[in-house]
1. Check whether at least one residue in the stretch 87-109 is modelled with pLDDT of 90 or more, surrounded by fewer than 21 Cβ atoms within 10 Å (Cβ to Cβ) and hydrophobic (A, V, I, L, M, F, W, C), and report yes or no.
2. Given (1) open to solvent by 40 Å² or more (accessible area, probe 1.4 Å); (2) farther than 27 Å from Leu268 by Cα; (3) without any contact (Cβ under 8 Å) to a residue 24 or more places away in the chain, where does Arg156 come up short, assuming only one miss?
3. Return yes or no: is Thr186 of a type outside the set (Asp, Glu), over 25 Å from the mean Cα position of the chain (by Cα) and within 23 Å of Ala237 (Cβ to Cβ)?
4. Looking only at residues that are without any contact (Cβ under 8 Å) to a residue 60 or more places away in the chain and of a type in the set (A, V, I, L, M, F, W, C) in the stretch 164-211, which one is nearest to Thr66 (Cα to Cα)?
5. Limited to the stretch 206-233, what total is found for residues that are open to solvent by less than 50 Å² (accessible area, probe 1.4 Å) and in contact with a Lys or Arg (Cβ under 6 Å, 6 or more places away or on another chain)?
6. Output yes when any residue across the stretch 61-72 is modelled with pLDDT of 90 or more, within 20 Å of the chain's Cα centre (by Cα), assigned to a helix (DSSP H, G or I) and buried (at least 18 other Cβ atoms within 10 Å of the Cβ), and no when none is.
7. Cβ-Cβ below 9 Å, separation at least six or inter-chain, first residue in the stretch 230-255 and under 18 Å from Phe78 (Cβ atoms) and free of Cβ contacts under 8 Å to residues at least 12 places away in the same chain, second open to solvent by 40 Å² or more (accessible area, probe 1.4 Å) and of a type in the set (Ser, Thr, Tyr): which pairs?
8. For the condition closer than 25 Å to Val252 by Cβ, among the hydrophobic types (A, V, I, L, M, F, W, C) and outside any loop (DSSP other than H, G, I, E, B), what is the one hit in Ala190, Ala203?
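The values are calculated or read from the model by the stated rules, or taken from the named source; none is laboratory data. Note that the structure is predicted; figures quoted are calculated from it, not measured. No Cβ is skipped: glycine too gets one built from the backbone with ideal geometry, and neighbour counts run over all protein chains shown. For the accessible areas, the whole protein counts, side chains as well, though only heavy atoms, and no ligand, DNA or RNA atoms are used. Shrake-Rupley method; radii C 1.70, N 1.55, O 1.52, S 1.80 Å.
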Amino acid sequence: MEAAPGHRPGRTLPLRVEAVRQLRRRRTMVMATVLAALPLVLVAAFALGGTPEGRENRTTLMVTATASGANFTATALFVSAAFLLVVPVALFCGDTVAAEANWSSLRYLLAAPVPRTRLLLSKLAVALGFSAAAIVLLPLVALVVGTVAYGWEPLRLPTGGSLATGEALGRLAVVVAYIFLSQLVTAALAFWLSTVTDAPLGAVGGAVGLTIVGNVLDAVTALGSWRDFLPAHWQFAWLDALQPHAEWSGMVQGVSVSVAYAVVLIALAFRGFSRKDIVS
């Protein structure tokens, strides 16, 4: 079938339009508020509970949380990386196509006509952008709040020693980038589920639930080296960046596992959606 005169498939559903639509949704505002509030909650908890103490005189990120703004930021990432940061990624990526189907607007978008591949690319790009913004928002707020509360001091390392503030900011940027890349598997899983169900909560909940299952399986030491194939096994590999001399091998393996799963799941999403009967 020939395209209508003047119709350019590549210009349908611009990223700007999709981004504005997602930004105006209530769940976006709620998620941003929750992430921005976490550092304030942590400061209040430390103020009420006093100076953090380690077990058996061991120094951990939690023990050094109040040493500086940089330490507080690292601690905020540590307590949120395993679950809290999973939620916005699953929400933004799992609520993409399924929400349109749930609103019965998906078939009208495709009748506009917006090519299916273009629709998925726009949805995925915006969802990943919002996911990245959520992951960056938390440490940015934590750094500001932590600096005000505990000062602009070098990053005290749990292994001993410290990093100058300039180098510490670079290491924290690496940590944030790694956390985003390690969450690509969750993003891809939620996106794939979003293309196979008309229930947004099903896609979001399924992605979060399977992520939790991965964490549980990683705790089963009897699995041995099979755990290396679990994305959850590498979720805290970024701690290797918070050493006097950063170790990169764990992060490289973690990114490789996450990206490999993400590529497969995104390919399944595009393949399945291209053949799907759209009735909602």
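1. yes
2. It is condition (3) that Arg156 fails.
3. Values: of a type outside the set (Asp, Glu): yes; over 25 Å from the mean Cα position of the chain (by Cα): no; within 23 Å of Ala237 (Cβ to Cβ): yes.
No: the conditions fail for Thr186.
4. Across the stretch 164-211, the extreme among qualifying residues is Ala164.
5. 1
6. yes
7. Final answer for the pair search is Asp240/Ser249.
8. Details: Ala203 fails: closer than 25 Å to Val252 by Cβ.
One residue alone meets the criteria, Ala190.
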